[in-house]
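The values are calculated or read from the model by the stated rules, or taken from the named source; none is laboratory data. The structure presented is a predicted model; accordingly, all values stated were derived computationally and were not measured. As a convention, Cβ positions derive from the backbone with ideal geometry for all residues, glycine included, and neighbour counts pool all protein chains shown.
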Amino acid sequence: MPKQRTAKNSYKKIYASCAGLGIACLALFVYTFFLHHNPASAQEYPIKGFDVSHHQGEIEWRKISPKTFQFIYLKATEGGDFKDRKFQDNWIQAREQGFLVGAYHFYRLCRDGRIQAQNFIETVPNKADALPPVIDLEYDSNCINTYTKEQLLKEIQVMHDQLYQHYGKQPIFYISKSFYNIILAGQFTKTPLWVREYQSKPDLKNNPAWLFWQHTNQGKIKGISKEVDLNVFYGSQYEWAHFLEQNGIDRSKYFQNLRSK
């Protein structure tokens, strides 16, 4: 009898362990497939776009319609000397397909702003119908402690001002939530923000207005074999047209695309 009782107790412990493990596995499943992977909903925003770099490989631009995506940003440069090897091809082909195209620079926190601005200016053509230049600002583990916060803000200002002067358009800051809250909150209040936030709508310190929202990095687009960052513009179709007009871009082409839908 004692052995039988011991066996029953052992079975109970095993069943309890399995039940506990099952609950843990279920919780992990729910987080992984319903919370972590599901992109935040951006359906209410009619103006949609995406951004790509060499990581997406060869893109079949003819399979993508400007009627579906109203804007595209291409990675052009990084730091003081890196140039994206697919930028020139993507720039030419996307524009030939009638897309509104802009370029972005990944800012290296350990390089000075003047050198990085020069790299971008040498790479990206100054076209009147191009979208405003974008500076991608996020934490870089390779050189996070090179500058103090004050020095870093000064170097970012240098690049911002040089791009503004060269292209004649107000640059945009692409930002992660952590970088904005720690470094940029309360600074550059006139610079539009492009926010990366995958779990919910943008929610930044002091609640600044945002211009673009990157709501997922797992987008699927016919003509691109790899996952893509998807973005939306904060505003209506007519507010988008006004934004284009402010940046010296002929909006008649955009409305022509709307009428042909």
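Could you say whether any residue in segment 163-185 is free of Cβ contacts under 8 Å to residues at least 12 places away in the same chain and touching a Pro at 6+ places or on another chain (Cβ under 9 Å)?
yes
Within segment 13-120, considering only strands (runs of 3 or more DSSP E) that don't extend past its boundaries, which have at least 1 residues that are touching a strand residue (DSSP E or B) at 6+ places or on another chain (Cβ under 8 Å), surrounded by fewer than 20 Cβ atoms within 10 Å (Cβ to Cβ) and at pLDDT 95 or above?
Per the criteria, 48-52.
How many residues, within segment 97-109, are over 21 Å from the mean Cα position of the chain (by Cα) and either more than 30 Å from Lys67 (Cβ to Cβ) or in contact (Cβ under 8 Å) with a residue 60 or more places away in the chain (or both)?
Number of matching residues: 1.
Examine segment 226-244 for a residue that is basic (Lys, Arg), modelled with pLDDT of 95 or more and more than 19 Å from Phe106 (Cβ to Cβ), and state whether such a residue exists.
Looking through segment 226-244, none of the residues is basic (Lys, Arg), modelled with pLDDT of 95 or more and more than 19 Å from Phe106 (Cβ to Cβ).
Against the definition (within 19 Å of Pro171 (Cα to Cα), aliphatic (A, V, I, L, M) and either in a strand (DSSP E or B) or assigned by TED's automatic domain parsing to the domain that holds Arg196 (or both)), how does Ala128 come out, yes or no?
So Ala128 fits the description; yes.
Taking the criterion of being part of a helix (DSSP H, G or I), surrounded by 14 or more Cβ atoms within 10 Å (Cβ to Cβ), in contact (Cβ under 8 Å) with a residue 12 or more places away in the chain and among the acidic types (Asp, Glu), would at least one residue in segment 146-157 satisfy it?
yes
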